[in-house]
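Encoded as structure tokens, the structure appears first; notes follow it.
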Amino acid sequence: MLKKTSLTVALIGLGLTAQASYAQTAASDQGNTLETVVVTATRTAVSENNALSSVTVITRDDIDRLQPTSVLDLLTGLPGVSITQTGGIGQQSSLYLRGTNATHVLVLIDGVRIGSVSAGLPALEQIPVGAIERIELVRGPRASLYGSDAIGGVIQIFTRHGQPNGGIAPSVSVTGGSHNFVSGEAGVSGGDSHLWYNANLGGEYTAGIPACRNGAAELGVACFVDDPRNDAYRNWNGLANVGYRWDNGTELAFDWLRSKSDVEFAGTPYGGNDAIEEQHVAGARLSFSPLAIWKVTLNAGQSRDDDSTFYQGSYFGAYYPRMATGYFDSRRNQASWQNDITLATNQLLTVGVDYQQEHIYSDTDFQQTTRGDTGTFALYQGTFGQNEVQLSARHDHNDQFGNHNTGSAAWGYHFDQGPVLSVSYGTAFHAPTFDDLYFPAFGGVPTANPNLQPETSRSAEIGLSQQLNGWNWGVNAYQTRIDDLIAFNEAFVPVNISRAVIRGIESQLGFKVADWRVQSYLTLMQPKNDGIGPGDGNLLPRRARDTARVDVDRSFGKFAVGATFFASGKRYDDTANVYRMGGYATTDLRASYTFAPGWQVEGKLANAFDHNYETAYYYNQLGRTWYLTFRYSPSIH
């Protein structure tokens, strides 16, 4: 069974106080007239031009315009991003960033690390897109700031928050569509000069499609079972946050999130065909300034991820009533202390300590069920005329793998009234997951490898980019070498590949002219096994070498239309490059009409030409689908 992973949410202590919320709001309000502010690249608020990183920002305006049904819709086709999904809406997904493994991208929600403690994968398909205000995608190694996992980059999702002096603002939306899809959400947010708050409730359902293509059991690949039924998906979610800022700048904020999903999938009585996934997170953060040049941020919290599987149905002629087949529950305790010290004008030093402890509870007898990690880090940011420098270093002590040192250096040159040239180098590491190391043998066949070594990487990058009034463009070239890359062999046992080398070029170009808006992305990549032995020279599995995306939108007063064109090159499903999945292209069409102040009706036709394709071998993807939404929000004009 391919075990369904789910959100494990834990406060990682990023030094992101309510300042981050204000930064994202400011960036959203600035649009293309002022520089966009990002906080993920350096753990501090900086302009996108000063981040010295390859960054893509998705705002709430973008989300409303694109009408996505999931976070995967938003991220598909962005530079360096390759996504696989084992079926339709709500089915398990994996995101590969810059050709690295799916476990090599760190995903955060409001500074909260998400991902299964046992499998190490973030369940992006479970995140309610209606709760999102903004997404920052930072490509390249960030382990010197965040620790393990950030080899390919960091994705941070900011949820919707109330705004200072925003008054009370209710919102509601209802959507219906193909495959009996229905979703709804309602919320209220507000704030005054000191207080801000937000609360949302949402849910969705779809009857789904068969996750596996007919005949998968006979081939003995992919889902290992022939299950022609539709796989339904249900989700219920709630979000609440509140914060207060005193006149002296001290801020205190609390966050709470719960998401519960019921996901049907193709399975057997041994591994189940239905998963109940439930995630909880609660945390608090406090920031204050003991001195004018010194800002302190404290974070603490706990998250839980509960995942239970069941089976009901026929298998080899026998009928099984609903029965439990297993559970995986995990917990993260986490705390952080970050200090931002202004050394001089345009000279900032950030130092801090992160601590996390992971626990797993399961009916499966893992050899080890807990481990901890303590990381100390420092980042210097300095500007000298047209030159900008960033230097960072981190030391992590892991209970299982001992000590790891990572670092990065970046230099940028700001041309007069022109682009920014950046050059960077960074190292990173990833500790094997509990499943990789300790998952017990299945039927006497090993499915884990306790001798796995941590993965380590070295990356170099050069880029040229520019943010103009109404225009943005950028080109980045990079090379990443990963030693002891973890991959699955022909027996589906994780092993270390001595070396993998990934080279790539990414570009993006966007502009707004009159009532037209165009944004385009292109990725050319070569993710190769460069080790010794079988598979040497093969492409790493499930990663598309080439992807391109173009978003085109046109407004006519209260009426707007748009389209998204996406194309992907071929990919392979295995390290031996035997199971090939061809390239494909899709077209999404959309329209919206504001028929009254605050009220809007939206329509979308996804995969309009009904192209058949796969992102994971023998798993179905949605064909032509339609969605119709009615939305109320005071921000709609």
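The values are calculated or read from the model by the stated rules, or taken from the named source; none is laboratory data. Everything numeric in this text was worked out from a predicted model, so none of it was measured. When we count neighbours, we look across all protein chains shown, and the Cβ atoms used for this are built from the backbone with ideal geometry, even at glycine. Surface areas here come from the heavy atoms of the whole protein model, side chains and all, with no ligands, DNA or RNA. Shrake-Rupley method; radii C 1.70, N 1.55, O 1.52, S 1.80 Å.
Show me the three semi-axes of the equivalent ellipsoid for segment 104-182, from the C-alpha gyration tensor (sqrt of 5 times each eigenvalue), largest first, rounded to whole Å.
28, 20, 10
Hey, what's the Cα Rg ratio for segment 336-469 versus the globular rule of thumb, 2.2 N^0.38 Å?
Computed over Cα atoms of segment 336-469, the ratio equals 1.46.
Divide, for segment 87-235, the radius of gyration over alpha carbons by 2.2 N^0.38 Å, where N is the residue count.
1.29
Relative to a virtual label point 7 Å from the Cα of Ala591 in the Cα→beta-carbon direction, which members of segment 542-584 show backbone nitrogen distances below 16 Å?
553-564
Apply the Karplus curve 6.51 cos²θ - 1.76 cosθ + 1.60, θ = phi - 60°, to the phi angles in segment 455-465 and return the couplings in whole Hz, x for Gly and Pro.
My calculation for segment 455-465 gives 7, 10, 9, 9, 10, 10, 8, 9, x, 9, 8 Hz in order.
Cross-link partners among aspartates and glutamates for Lys604, C-alpha distance below 18 Å, same-chain residues fewer than 8 apart left out?
Output for Lys604: Asp61, Asp62, Asp64, Asp73, Glu204, Asp551, Asp553, Asp588.
Report Rg/Rh for segment 468-605, rounded to two decimals, where Rg is the Cα radius of gyration and Rh the Kirkwood radius.
1.15
If I model a spin label at Ala284 and Gln466 as a point 7 Å from the Cα along the Cα→Cβ vector, what separation in nanometres do I get?
5.0
Can you list which of the trypsin sites (Lys or Arg not before Pro) found in segment 186-288 are DSSP loop residues with at most 16 other C-beta atoms within 10 Å?
Listed in order of number, the matching sites are Arg229.
If packing is taken as the mean number of other Cβ atoms within 10 Å per residue, what is the order of 276-284, 292-300, highest first?
In descending order of packing, they fall as 276-284, 292-300.
With viscosity set to 1.306 mPa s and temperature to 10 °C, compute the Stokes-Einstein D of segment 538-606, Rh being the Kirkwood radius across alpha carbon pairs; µm²/s, no decimals.
In µm²/s, the coefficient is 109.
Might you tell me the accessible area per residue for the chain, computed with a 1.4 Å probe and given in Å²?
39
So how do Met323, Met581 rank on accessible area, 1.4 Å probe, biggest first, that is with the largest at the start?
I get Met323, Met581, largest accessible area first.
Give me, ordered by chain and number, the residues 5 or more places off Ala232 or on other chains with an amide H under 5 Å from its own placed amide H.
Glu264
From Cα coordinates alone, what are the radius of gyration and Dmax values for the chain in angstrom?
23.4, 75
5 Å is the cut-off here: which amide hydrogens, built 1.01 Å from N in the peptide plane, fall below it relative to Val81, excluding neighbours closer than 5 in sequence?
Placed amide hydrogens put Arg98 under 5 Å from Val81.
So if R0 is 60 Å, what FRET efficiency would Ala324 and Thr345 give, r being the distance between their Cβ atoms, rounded to the nearest 0.05?
E between Ala324 and Thr345, to the nearest 0.05, is 0.45.
Taking all protein chains as present, what is the carbon and sulfur share of the accessible area of the chain, in % to the nearest whole number, probe 1.4 Å?
Here it works out to 58 percent.
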